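Asker: My questions all concern the structure below.
Rule-based calculations on the coordinates, nothing more; no lab input. The shown structure was predicted, so the numbers you read here are calculated from the model rather than taken from an experiment. Neighbour counts are summed over all protein chains in view; Cβ atoms, including those assigned to glycine, are modelled from backbone coordinates with ideal geometry.
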Amino acid sequence: MDIFAKNLKARAAQLGISNAEAARLCGLDERRYANYANDQREPDLVTLVKIARVLNISADELLGMADPRPQTERTQLLDRLNVAAAALTDHELRTIVTQTEALAIPRPKKTGKQVPTSTSGSN
């Protein structure tokens, strides 16, 4: 299998998306993208750059000319988030940013102490 096709499939898998989803994100016809992923065709330079940008990977990595970046679970999740966010409308993106910021606000740590409850029947 050609290195580009192998790396293209691997990148979609890292992002947790199918080839069809990757094609849609890249604005390409599914059959055209499948031809690239199945080593039946190679993209022109403009298409290669577009695919790399959308999938948040360098063209050099896709072509096997650069070593892949080390992928921790955190970097994989951030890559997935970036790729998904790029497909959102501005309104959807604002909503997601607001929700994410709300989750990121530091909260007081839980002490693990439970509030005692009254078990006596004093009414």
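Asker: What pairs come up if the first residue lies in region 38-66 and is touching a residue at least 24 places away in the same chain (Cβ under 8 Å), the second is assigned to a loop (DSSP other than H, G, I, E, B) and exposed (fewer than 13 other Cβ atoms within 10 Å of the Cβ), and their beta carbons are under 7 Å apart, counting only those six or more places apart or on different chains?
Answerer: Pairs found: 39/1.
Asker: I'd like to check something: does region 101-110 contain any residue that is surrounded by 14 or more Cβ atoms within 10 Å (Cβ to Cβ) and either under 13 Å from the mean Cα position of the chain (by Cα) or of a type outside the set (D, E, K, R) (or both)? Before you say what the answer is, go through the steps one by one.
Answerer: At the first step, the residues of region 101-110 found to be surrounded by 14 or more Cβ atoms within 10 Å (Cβ to Cβ) are none.
So far as region 101-110 goes, no, none of its residues is surrounded by 14 or more Cβ atoms within 10 Å (Cβ to Cβ) and either under 13 Å from the mean Cα position of the chain (by Cα) or of a type outside the set (D, E, K, R) (or both).
Asker: Okay, moving on. Restricting attention to region 20-33, which residues are surrounded by fewer than 17 Cβ atoms within 10 Å (Cβ to Cβ) and on the phi < 0 side of the Ramachandran plot?
Answerer: 20, 24, 29, 30, 31, 32
Asker: Quick one: in region 6-16, of everything that is buried (at least 19 other Cβ atoms within 10 Å of the Cβ) and aliphatic (A, V, I, L, M), which residue is nearest to residue 63 (Cα to Cα)?
Answerer: Result: 8.
Asker: Go through (1) surrounded by 13 or more Cβ atoms within 10 Å (Cβ to Cβ); (2) more than 14 Å from the chain's Cα centre (by Cα) one by one and return the number of the condition residue 54 breaks.
Answerer: Residue 54 satisfies every listed condition except (2).
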